[in-house]
1. Considering only the range B:284-314, how many residues are under 30 Å from B:GLU108 (Cβ atoms), more than 14 Å from chain A (Cβ to nearest Cβ) and not in a helix (DSSP H, G or I)?
2. Is at least one residue of the range B:689-703 closer than 17 Å to B:GLN761 by Cβ, within 20 Å of the chain's Cα centre (by Cα) and within 13 Å of another protein chain (Cβ to nearest Cβ)?
3. Identify all residues within the range B:97-116 that are surrounded by 18 or more Cβ atoms within 10 Å (Cβ to Cβ), in contact (Cβ under 8 Å) with a residue 60 or more places away in the chain and more than 13 Å from B:ALA41 (Cβ to Cβ); write none if there are none.
4. Report yes if some residue within the range B:728-747 is assigned to a loop (DSSP other than H, G, I, E, B), out of contact with any helix residue (DSSP H, G or I) (no Cβ under 8 Å at 6 or more places or on another chain) and either away from chain A (no Cβ under 14 Å) or of a type in the set (Gly, Ala, Ser) (or both); otherwise report no.
5. Go through the range B:593-624 and report how many residues are out of contact with any Pro (no Cβ under 9 Å at 6 or more places or on another chain) and either at pLDDT below 95 or in a loop (DSSP other than H, G, I, E, B) (or both).
6. From the list A:ALA277, A:ALA230, pick out the single residue that is buried (at least 21 other Cβ atoms within 10 Å of the Cβ) and more than 12 Å from chain B (Cβ to nearest Cβ).
7. If A:ILE256 meets every condition in (1) away from chain B (no Cβ under 13 Å); (2) more than 21 Å from the chain's Cα centre (by Cα); (3) under 27 Å from B:LEU696 (Cα atoms) apart from one, which number is that one?
8. Report, by residue number, each residue of the range B:643-685 that is closer than 19 Å to B:GLY251 by Cα and at the interface with chain A (Cβ under 10 Å from one of its Cβ atoms).
Amino acid sequence: MLAFELERPRSLQEAISILEKFGNRAMPKAGGTDLLMWMKDRLVTPEVVVDLSLIPDLAGVNFSKDGLRIGAMATCTEVLESAAVEDHFPALRDACLSHSDWLIRNRATVVGNVCSAVPSGDVMPALYCYDATIRIVGPRGERSIPINKFILGPRKKDMIAGEIVTHVFLPLPEGKSSGCYLKLGRRNALDLAQVGVACVAIDGKNGREYRLAYGAVAPTPVRALEAEKALQGIKAPDDALLEKVSALAKEAVKPIADVRAGVEYRLAMVGELTKRAIDTCVERLKEE
Amino acid sequence: MEKKSMIGAWVTRVYDPEKAAGTLKFTDDLSFGSELLYARAARSTIPCGKIVNIDYSEALKVPGVVKVIVGKNFPIHFGIYLKDRTAMAVEKVRYIGEPVALVVAESEDAAEEGALKVRVEYEEETPVFDAAEAMKENAPLVHPDLGSYEHVSFVTPVPGTNIAQHFKIRRGDIEKGFEEADQVLEESFSCPQIAHAFLEPHACICLQDPVSQEVTIWSTAQSAFTLRELVAKGLELPLHKVRVIAPPIGGGFGGKAGITVEPLCLAAALDPDIKGRPVKLFVPREEVLTTSWVRQGWNTKVKMGVKKDGTISAMKVELVFDTGTSAEYGANPVRSAGYTSMGCYYVPNIWTDSYGVYTNKPFGGAYRGFGLPELMGGLEAVVDAIAYRIGMDPIEFRLKNLLKPGLPTCTGMPMPPHALDKIIKKVAEKIDYHREEPPVRKGWKRGKGIALAIKAPAMPADASSSATVEILGDGSVKVLAATMDMGQGAYTAYAQIVSEELGVPMERVKCYYPDTAAQPYDWQTVASRSLWSMGMAIKRACEDARSQLLALYAEYWQCNPEEITIEDGIVKCPKLGKAEPIDEKTQNGFKMPDGKYKGGPIIGRGHFVPPDVVYPDLETGQSEKSVVHFTVGAVGVDIEVDPGTGEIVVNKAVAGYDAGRVISPLNVKCQIEGGTVQGLSAGMFEGIYYDKNGKLLTPDFTDYKIATTMDVPWEIESFCEETPEDPSPYGNRGVGEHSMISPAAALGNALYKAIGIRIHQYPFTRERVYMAIKAAERGEKDFWG
């Protein structure tokens, strides 16, 4: 790894001014589990690394009647151990639990996983399903942006120099809900998703509503809106409908072939895991 | 009451507390002060071509960079069996990642930054990546100078081709054997290169004294003495002027045997401008696969003649090992597979060609099992497939053709005694092989499979060992035996032997990590040879020390040596009613009844060399004793497959080996369990892949996947049979590597049972298994993708 300076600001304002001063020569660090690897591989070469861990405003997971606030420094472990996450955002809990292993989850942050913006980021499909918004502060003040507008492409996001993501916000689903995240990797732990499928089912004002989002099968996570529509209002989808939905899901994604998996397998798994995820959500809603 | 023997005792492993606490110092932990320099390689970005120019002027401008060394500054060929390898590319590069220059700096960061600034101009040449392509006539030659390379007499390169090694077996009449057969069947299987994935990457520190020219090397080496010898030969130094210190290593599996990354570090340490300062080379994980060897890729093709009753009448075997850009060490696993190419079967007519073939990829060499996981990964799949094709139960087919004791192997050597038939039956029983059971998981497919294992230590005929055992002045014992204990538990077993032979408590025996300046010679810690060969040396050293001590006590007490015993560190003569703990007299001498001192420090010496191995004939492979012994065994697995994703879960794995005699049951159990997991991991996950230009796609653990604790079998059961070996310290024979040999093949055989299609390419990844299931649904019987 090439040499760098480490800054450890104690306030948001201080962090913003350092990041603004150094522009694209500086990078913020939360858990650092991606950043340090990328630096080691020289994919990024920041001269200044700005460690956010001493800034009090960025800590914690907070739940209110409106929804869930996940601070930029909240680790995957903190999130998956939150009772509110277990009760109201099970797809996110599954996603955190599927991420790497316990050691890394104790350090890696949910917001960091979003900011890395890699197509296989485990927490993102769940956040897409929960309509998460990204809250940012920067030299020009605060702003809020839906996650699907924030993620622009592989390792690309809508941020300018000096900006920091302070937290993500997940509105509370309007109605009784269930969710899950199914991840297919090459092995059972410590792997990037070959395909990741998040599904959330909500019994809302307009009846049963489904949300489906996919990771690692397009340049960014994607929602399968047509597939969701086909399921709208149906509490017990039959095999024929599940087949149709999984075909629609395959149309929503655009996987590449790489050393981790080929296109044919990824598409087949989008279909298979879609059916399993919907089944799981339907079953979980029955249980409650 | 009979004294409890330490041989076969369940004891606590030595050095584990220090490892667990993190206080044991590994090579990278050693401190050398501010004199230390750091080296980092700049690497080739093309797979094949001539070096036109290396511009390192920018590297020299990096603050802290001391010097840049290129291949032509250090063109020495180092190597154990075939000297086809230099530390850095000289004139020609042969793979992406080959070191082309070495940047030496005052800090690791400066060395790394300097290495990034080296610019190389190449004249590109046509590479060859596939071993089958490389064997064709007119294929581009990876080593046009192959004919001029020095090699040992038992390695046979074919100059003017890419064949670095061609080992032959010609036994019986192959044509007649096929004529006698009622069916002649062909099968083939293949596997990509795989990696050792040891926890500790390579590191070494080299230092040359500018006055004496003596070289000292601290290295993550499995084999301190062989490293000493190869360095001394390469540098034309006498052996006593090369000292190798090998601190504890964090896993080796063959990847740290022979000479590996040391020449690269020596290129800097011997430089006239640097000489006198220690130079450290730490190989980062991402560079391990391009700096040292991997396991060779392979393709096994077998044509088998079988009679109506299931007897094998003839076998033609073609093994093609993809050895990458060097066969320096890799030539020998090719040979090892060749002279074991009958597997566990009696084959009256056998014809084998085992080839090691150069390609423009990182190079292949020793890896746990040394040619046998490669051979048996193919052969045990072939045997299973053929059993099904002729409509015979795979276990019955194996037992029918078993290489029973006394029958000739493919080299003509009579098979020594073993209990393989018993082991096969036990393994089959323990996984309930013949009972079709419903899957544990809803909608999954279940299957059971078995595969046999065989391996001899693959080593030169004259691989020797020696040890000293010194009884210290308080009755504790210092053992100098230059085996590397890299987790296999050698020092624990050695302490058990010393405790048994000398009658001292095991806790009072200490084995030290290798240092060629302090310890007597041992060839290498490889080939599952240590507890057999070094075991002989240690046992003899104990006998020597014990007889010295007893002779002194006999005179001191005025009795016969036979009347004296040593138990629990107490020397006793029941007849005279004397008993005392071993004390300073053993160090300072005994004051004898005549008033004169006798004795002095008691040092027992022992050495061993296998007495009667004869190298196989180069044309026929025949030899009355081609190897010292064979260890055989079998592994069975009970698995389930998720047809929706291709995921495999191993419900149970059972593995049994004929260890001759188990000296250290805990270590043997650990070795079998570890090797079973390593073998299943290779079978399910592991492969090294390249893009079409030969660039490594799996340089680190992001994309090179090995099993985690979440992927291991639910249950592993291991057992040993004990048919004694001779000569041997206690009847024991090698058992360290064997558990790695056949789990992958057993897995493949179970998969066939589960999904009804034969997959011909390892590893059985989820994607490959899923695709095979789809092919099976289309009615296909074989899957090659």
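1. Residues flagged as under 30 Å from B:GLU108 (Cβ atoms), more than 14 Å from chain A (Cβ to nearest Cβ) and not in a helix (DSSP H, G or I) within the range B:284-314 amount to 4.
2. No, that holds for no residue.
3. B:ALA110, the sole residue that qualifies.
4. Restricting attention to the range B:728-747, the residues satisfying the condition of being assigned to a loop (DSSP other than H, G, I, E, B) are B:728-737, B:741-742.
The next check asks that each one be out of contact with any helix residue (DSSP H, G or I) (no Cβ under 8 Å at 6 or more places or on another chain); those that pass are B:731.
Applying the additional criterion that residues be either away from chain A (no Cβ under 14 Å) or of a type in the set (Gly, Ala, Ser) (or both) yields B:731.
Taking every residue of the range B:728-747 in turn, at least one turns out to be assigned to a loop (DSSP other than H, G, I, E, B), out of contact with any helix residue (DSSP H, G or I) (no Cβ under 8 Å at 6 or more places or on another chain) and either away from chain A (no Cβ under 14 Å) or of a type in the set (Gly, Ala, Ser) (or both).
5. Residues flagged as out of contact with any Pro (no Cβ under 9 Å at 6 or more places or on another chain) and either at pLDDT below 95 or in a loop (DSSP other than H, G, I, E, B) (or both) within the range B:593-624 amount to 16.
6. A:ALA277
7. Against the list (1) away from chain B (no Cβ under 13 Å); (2) more than 21 Å from the chain's Cα centre (by Cα); (3) under 27 Å from B:LEU696 (Cα atoms), A:ILE256 comes up short only on (2).
8. Of the range B:643-685, the ones closer than 19 Å to B:GLY251 by Cα are B:666-682.
Within the range B:643-685, just B:SER681 meets the criteria.
The values are calculated or read from the model by the stated rules, or taken from the named source; none is laboratory data. All values reported here derive from a predicted model rather than from experimental measurement. Cβ sites come from the backbone with ideal geometry, for glycine too, and all protein chains shown count toward neighbours.
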